[in-house]
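> Can you keep this structure in mind? I'll have questions shortly.
The values are calculated or read from the model by the stated rules, or taken from the named source; none is laboratory data. These figures come from a predicted structure and were not determined experimentally. Glycine also receives a Cβ, built like all others from the backbone with ideal geometry; neighbour counts cover every protein chain displayed. What goes into the accessible areas is simple: the full protein's heavy atoms, side chains included, and nothing from ligands, DNA or RNA. Shrake-Rupley method; radii C 1.70, N 1.55, O 1.52, S 1.80 Å.
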Amino acid sequence: MGCSCGIVGLPNVGKSTLFNALQATEAANVQNYPFCTIEPNRGRIPVPNRAFDALVAAVRPAKAVPNFVEIVDIAGLVRGASKGEGLGNKFLSHIREVDVLLHLVRCFPSSRVLHVEQSPDADRDADLLEVELLLADLARLEGMIGQAAKRARGVLSREEKRQHEILKQLRDLLADAKPARACALDEEDASFVKSLGLLTAKPMLYVCNVGGEGGEKEEAFVKAIEKRAERADSGVLQLSAIEEAELAALSEEERASLLGEQARASGLEQTASVLFRMLELETFFTAGKQEVRAWTLKRGQTAFDAAGKIHSDFQKGFICAETIGVETLLQYGSFEQAREAGKVRQEGKGYVVKDEEVFLFRFNV
């Protein structure tokens, strides 16, 4: 698994349509009225990777397993969602464990699609949703601080005292209308904050859902969200959810023809690559006749970490990691031939894995 992503937005901004585009299915129920999504739609989308495709084409394994992004599509949130309006709290609980939020903002002004605030205004709509996320987190923190205060009547460890202070620091930050991700933390404290499941602590990718027809109002909406993303130091991209859904329903040949000879990236490819970049994720491969598989690591992790991704026994009995870049491997045709040519390196536990390397682990348990 690469990462998990929760799609959030107001009702009728195109979340379920985007989910269908990402899933290349029509599994989600798409209707033109609020709250047509009650239970969350869940699915996995393969992360496009040209190096992986080339490796599979060369090795021709019995099985090919790419990296995946797990997608959770919840119902649209409305004003008052943090207090339970529109079953808001129930919806929010479904995305507290995801790695990143994908905030879909409606940037098309069509009067044919209903809007819960009567008419679309991208910046206002984004602000409305983010205030609800912030209020939901604030209520969660108040509850945690209350519980911590009760425990404080006894003897608290040094770690518990530090965590209590972090909770109060986060509460004050949110009370000042700033997201939890704005809190400066060291690695240990960041791990504690991540365990709290705060929505505003998660990285956010803004996605401007355009109608494909352009126009001054649509362009103004997109610019407003781009400025918002820049202020928040967040990622942003632009796509048409309905066009992506139509594209995903085509055959590979039809899709390639529409994307053009330059192999323009689809919305799926853009979304996956931006998510991986935001989360500082890298990919490594294992390759053999039985299976070619892509694996995910955080940037800066080691060969020892990579071994543990595959199996705990690989870590326990780690001897060394044999590794080679995909391009070099493809030049020589196989791992064995590349080894004979002296192109396969042996690396120890502390070797920092580079993106798109192929590994063979030697271990003894």
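> Please work out the average accessible area per residue across the chain, using the 1.4 Å probe convention, and give it in Å².
I get 51 Å² per residue for the chain.
> Could I ask something else about it? So, by mean Cβ neighbours within 10 angstrom, what's the order for 64-73, 336-345 with the highest one leading?
64-73, 336-345
> Can you tell me what share of the DSSP beta bridges in the chain is antiparallel? A percent to the nearest 5 is fine.
DSSP beta bridges in the chain are roughly 50 percent antiparallel.
> Bin width 20 Å, alpha-carbon pairs only: give the P(r) of the chain as whole percents, running from 0 to the bin holding the largest distance.
The distribution over the chain is 26, 50, 23, 1, given as percents.
> To continue, here is another question. Excluding same-chain residues fewer than 8 positions from Lys217, which aspartates and glutamates have a Cα within less than 15 Å of its Cα?
Partners within reach: Asp121, Asp123, Asp125, Glu226.
> Counting Lys and Arg as +1 and Asp and Glu as -1, each charge on the Cβ, what is the dipole of the chain about the Cα centre in debye, to the nearest 20?
For this selection, approximately 1320 debye.
> In whole Å, what three semi-axes, largest first, describe the equivalent ellipsoid of the range 326-365 built from its Cα gyration tensor (square root of 5 times each eigenvalue)?
In descending order, the three semi-axes are 19, 13, 9 Å.
> Under 18 Å Cα-Cα from Lys161, which aspartates and glutamates qualify once same-chain neighbours fewer than 8 residues away are excluded?
Cα-Cα hits under 18 Å: Glu142, Asp172, Asp186, Glu187, Glu188, Asp189.
> Please tell me the relative contact order of the chain in percent, rounded to the nearest whole number, where contacts are Cα pairs under 8 Å and at least six residues apart.
It comes to 20 percent, rounded to a whole number.
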